[in-house]
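Working notes, structure below.
Any read-out appearing in this document is the output of simple, stated calculations on the displayed coordinates, not a laboratory observation. Please read all numbers here as calculations on a predicted model, not as lab measurements. All Cβ positions, glycine included, derive from the backbone under ideal geometry; neighbour counts span all protein chains shown.
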Amino acid sequence: PQGMVGLYHLELPHKTFWCHVFYARLPAPVDTVPEDSDILRCLWLTPEALENRPLRSHLVVEAIRDFEAGSHYPLSVLR
């Protein structure tokens with residue numbers, strides 16, 4: 001990773017999620033595979049293409065919007 005976008009919190013009735021979002025610039029898309037059985041497949045999409053897709057959480061689009069708005073923190077904020 002080149003930096004951090006943010007730390008996102010999602011509170012559900014029986015679960016709490018913390019998402020640590022980092023960014024990196026890649027010269028080309030890399031092969032991806034689902035990390036767990038709840039993920040059906042992995043795709044490289046533009047932010048606009050994500051707007052109308054079913055996602056695990058609204059935090060995905062929120063993090064992308066934050067990044068595009070300039071939310072970039074150096075990795076040095078992590079200890």
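Some observations on this one:
- Residues in the stretch 31-50 reached by a label modelled at L75 [backbone nitrogen below 17 Å; 7 Å Cα→Cβ]: none
- Charge dipole of the chain (Cα centre as origin; +1 on each Lys and Arg Cβ, -1 on each Asp and Glu Cβ, all else neutral): 140 debye, rounded to the nearest 20.
- Highest-fluctuation residue, L55, L43, L12 considered, GNM on the chain with Cα pairs under 10 Å: L12
- Residue with peak Gaussian network fluctuation, the chain [Cα springs, cutoff 10 Å], from P13, P47, P29: P13
- A49 versus Y23: modelled label distance in nm, points set 7 Å from Cα along the beta carbon direction: 2.0
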